[in-house]
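The values are calculated or read from the model by the stated rules, or taken from the named source; none is laboratory data. Everything numeric in this text was worked out from a predicted model, so none of it was measured. Every residue, glycine among them, receives a Cβ derived from its backbone with ideal geometry; neighbour counts consider all protein chains shown.
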Amino acid sequence: MKLHNSLTCITLAVLLNACGGGGGSGTDNTPQAAALSSDQQIFEHEELHGGTYALGVVLPYGGGNLVSGVNYFYSSSTGGFSTSPSTAGSHIEASLYNSLDSALVLPAIAPTRYLLNGKILVRSSTAQRAVSYVGSGVRTDALADDGTTVVQSSLFSNFSETQLSGAMDNAPEELQASYQIDDWVSANNFSANAQWQSGAAYTKRQGALIGDTYFALDCTNHLPAQVTTSSATTPCMLQAKLDSFFPVTLENANFHPYETDFSADGTISMVNGVRMWVANAPLPNAQNTTTTYRIYYELNGNVYMGALEKDGTSYKYPQRDGSVVAYYIGLNQAAVSSVQQGLITGASVPGSQSGSVAEVGTVDLFGIGAHGINGALAPIDLQAHYGSPVSLNGAGQTVALIEAPSTGNVEDDLGIYSQYFNLPQCTTANACYQHIDLSNGAPVPTASDWGAEVELDTQLVHAIAPGAKIVVVTAKSPSQADLFAAINYAAALPGVTAVSMSFAGFPMPSDAQSEDALLSGFQSNKGVAFFASTGDAGFVSWTGAAYPAASPYVTAVGGTRINSVVWNGAPQNEVAWQFSGGGDSYYMSMPAWQSSYLGSSLTALNSGMRAVPDVSAVADSQHSAVSIYYKQRWVMSGGTSASTPIWAGISALFGQYLGNKGSSLAALIKATPGGFNGLLYQAKLMQGTNPAFYDIVSGSNNLGSMQCAICTAVPGYDNVTGLGVPNSSKLFANF
């Protein structure tokens, strides 16, 4: 933790005088100050001396020159006021935006749209608000662009004020979580010698909604999504009614589904003159940190999408370091002026990409007993949940990861992840980490950047097998040919235990068969284990199972949702993830090692074709995300891109386990029909009272309205979670 000098002011005007603020004298000149609550006094102290400020910051990762139109560093403020709401009854003010550097233009800031009495009202970022005092709290009424209609009301309380002094990069951790000054310094975008100006301070407050608030949103059930900024939001379906609208699946900009809603998940009724479907349960906290309910509504003959936040809901605020807190932080005028003075826009020295591991306060978004940022899954949770033997760490094993080009500093991010979670460092210097770049360092086009995917893969392998060597093989591009070339390069490396592939596609059958011939050789001659994600689109009847997961030489990994890190025997501890890919192969018949376990009925349900997945692990980023570190902030992630490297890490533990007994995983794979898959199905057959897997028996990946015989998790094998999730200690003991 960082040490700092600060004075927290939470009550009484006399303390406010001691704290200063806003560049003013710190004297409260309100005639009725004695009648104000401590919250109102702190609020007035900042509003009467310049207002409350927030910063908008987009800096180049790793530092360097700031580019106008790409990078931003601006302030937004309430503008403050000159008279107390206690004397004026209410006060009207508008938000103000100012770039903190004349060379940087302000970004376009999207408005917020509200559904009110059958109309969609727009509130621009600079629209007005009315401020008044209610009881001991401070009420704000957000006004639409018409300047009169109240579209959202809030009540704020529990104010505090903290004075700032000395070196700016030694600010309190709760402020650094919101504004990562020490990272700006290391990136050479901020002066290391910058000092807080006299009177600089920040305030904290908590808030809650007054009244139900309905938001109008652009629908994302069709891609590419059409983003609008007027009252004409993008509909989900034209000339439609709610009765025939469901089910509907929403997708993000990367074409990954994140939500499927069925008619039975909500209730249709008339709300303020509009026919509306309101979800019975709130959205996952990972999707919206403040408790929010999905809505769909009929308007002008079409169906639209929106969101509902209910009366009394407490606000939750995402911070720039990836954490979520229950309070809002605002800067005063002197603090913003301090930031402006320290900003460096023309840095000629390359920046550092090292991040911060300072502890930050977080809100548990998942409630599953996990120990990562925001209650997401940490390495100790994954190790405990999947039964990793405490005596094993993957030492002596090598896991190769197949990746496309990305712009993150993977090794540095892995170092921060390891430091935070008390894992051994895995670096080039200690020969634990190796990067083989088949692109030869070519610039990464934005459209081809795999983003945090590489960090997700490396950090989860290290989480499960912290003693294993990690080799990141970066393909020349994300094309099928280049990814296949990277697979073959990785599998040919000396001593590779496993190759992990967190991608899925649908090559021509002839291309898949050609690659299978190579994978077969690596399996039979070198004893390499291959793992691939089944994809994040649920069951798709017209495509079948994706490749390379559909290959008989690859262990196909599906996805689950963890409801409790601690197993207590309840089948609901872990359930199928609705977006887990699964089905039957579009090109390959079911191999004997699989059909001998599945039997005639399941073989028939899969039309005699290779069934997918083989196994599963956690993938649900909405309800049981994993914590990863990417570009100087914590990110909650998931997908079968997470479950796949988890299994690759487990194979490294298995390899070490066998090595300790004088055997080897490679030898066992070469000697077993079906390779690693053959071992898994053999373990399932042999397990008896020593279960190698936790059977997943509930959940479905059917995202459509048609019946699907292979889309439900059931006892034994199923096409959603395969054989189940690992009970690693007992899995290994079967051998």
**OP:** Please give the number of the condition Ala733 fails out of (1) under 18 Å from Tyr597 (Cα atoms); (2) free of Cβ contacts under 8 Å to residues at least 60 places away in the same chain.
**Re:** (1)
Subject >> Single residue of Ala517, Ala556, Ala512, Ala532 found to be of a type in the set (Gly, Ala, Ser), assigned to a helix (DSSP H, G or I), assigned by TED's automatic domain parsing to the domain that holds Ile402 and touching a residue at least 40 places away in the same chain (Cβ under 8 Å) >> reply: Ala512
Original post:
Which one of the conditions (1) within 26 Å of Met508 (Cβ to Cβ); (2) within 26 Å of the chain's Cα centre (by Cα) does Asn606 fail to meet, given that it meets all the rest?
Top reply: (2)
Subject >> the range 255-301: number of residues that are surrounded by fewer than 18 Cβ atoms within 10 Å (Cβ to Cβ), farther than 20 Å from Pro318 by Cα and among the polar types (S, T, N, Q) >> reply: 6
Original post:
Restricted to the range 86-100, and to residues that are in contact with a helix residue (DSSP H, G or I) (Cβ under 8 Å, 6 or more places away or on another chain) and not polar (S, T, N, Q), which residue is farthest from Arg139 (Cα to Cα)?
Top reply: Leu100
Subject >> Which listed residue, of Gly80, Gly69, Gly89, is surrounded by 18 or more Cβ atoms within 10 Å (Cβ to Cβ) and on the phi > 0 side of the Ramachandran plot >> reply: Gly80
Subject >> Candidates Tyr386, Tyr433, Tyr417, filtered to the one that is surrounded by 18 or more Cβ atoms within 10 Å (Cβ to Cβ) and in contact with an Asp or Glu (Cβ under 7 Å, 6 or more places away or on another chain) >> reply: Tyr433
Original post:
Cys219 versus (1) closer than 22 Å to Val57 by Cβ; (2) touching a Phe, Trp or Tyr at 6+ places or on another chain (Cβ under 8 Å): which is the lone unmet condition?
Top reply: (1)
Original post:
Does the range 142-156 include one or more residues that are at pLDDT 95 or above, hydrophobic (A, V, I, L, M, F, W, C), farther than 18 Å from Tyr328 by Cα and surrounded by fewer than 19 Cβ atoms within 10 Å (Cβ to Cβ)?
Top reply: yes
Subject >> Pick from the range 490-504, criterion hydroxyl-bearing (Ser, Thr, Tyr) and in contact with a Pro (Cβ under 7 Å, 6 or more places away or on another chain), ranking: nearest to Ser641 (Cα to Cα) >> reply: Ser502
Subject >> Any hit, the range 458-474, residues being in contact with a Lys or Arg (Cβ under 6 Å, 6 or more places away or on another chain), on the phi < 0 side of the Ramachandran plot, touching a residue at least 12 places away in the same chain (Cβ under 8 Å) and not in a loop (DSSP other than H, G, I, E, B) >> reply: no
Subject >> So Thr672, is it among the hydroxyl-bearing types (Ser, Thr, Tyr), in contact with a helix residue (DSSP H, G or I) (Cβ under 6 Å, 6 or more places away or on another chain), closer than 25 Å to Val496 by Cα and modelled with pLDDT of 95 or more >> reply: yes
Original post:
Residues that are more than 31 Å from the chain's Cα centre (by Cα): which strands (runs of 3 or more DSSP E) entirely in the range 32-144 hold 3 or more of them?
Top reply: 91-94, 128-134, 137-143
**OP:** At least 3 residues that are touching a Pro at 6+ places or on another chain (Cβ under 9 Å) in each: list the strands (runs of 3 or more DSSP E) lying fully within the range 271-370 that qualify.
**Re:** 293-299, 302-309
Original post:
Looking at the range 411-451, which of its residues are modelled with pLDDT under 95 and assigned to a loop (DSSP other than H, G, I, E, B)?
Top reply: Ser439, Asn440, Gly441, Ala442, Pro443, Val444, Pro445, Asp449, Trp450, Gly451
Original post:
What number of residues within the range 221-235 satisfy the criterion of being buried (at least 20 other Cβ atoms within 10 Å of the Cβ) and out of contact with any Asp or Glu (no Cβ under 6 Å at 6 or more places or on another chain)?
Top reply: 2
**OP:** Say whether the condition of being crowded, with 24+ Cβ neighbours inside 10 Å, closer than 19 Å to Ser510 by Cα and touching a Phe, Trp or Tyr at 6+ places or on another chain (Cβ under 6 Å) is met by at least one residue in the range 576-589.
**Re:** no
**OP:** Could you tell me whether Gly330 is modelled with pLDDT of 95 or more and in the same structural domain as Ser160 (by TED's automatic domain parsing)?
**Re:** yes
**OP:** Evaluate the following for Val454: is it touching a residue at least 40 places away in the same chain (Cβ under 8 Å), assigned by TED's automatic domain parsing to the domain that holds Gly639, assigned to a strand (DSSP E or B) and surrounded by 15 or more Cβ atoms within 10 Å (Cβ to Cβ)?
**Re:** no
**OP:** Please find, within the range 184-216, the residue that is nearest to Asn71 (Cα to Cα) out of those that are in contact with a Phe, Trp or Tyr (Cβ under 8 Å, 6 or more places away or on another chain) and of a type in the set (D, E, K, R).
**Re:** Lys204
Original post:
Which of the residues that make up the range 240-270 are assigned to a strand (DSSP E or B) and of a type outside the set (A, V, I, L, M)?
Top reply: Thr249, Glu251, Pro257, Tyr258, Glu259, Thr260, Asp261, Gly266, Thr267, Ser269
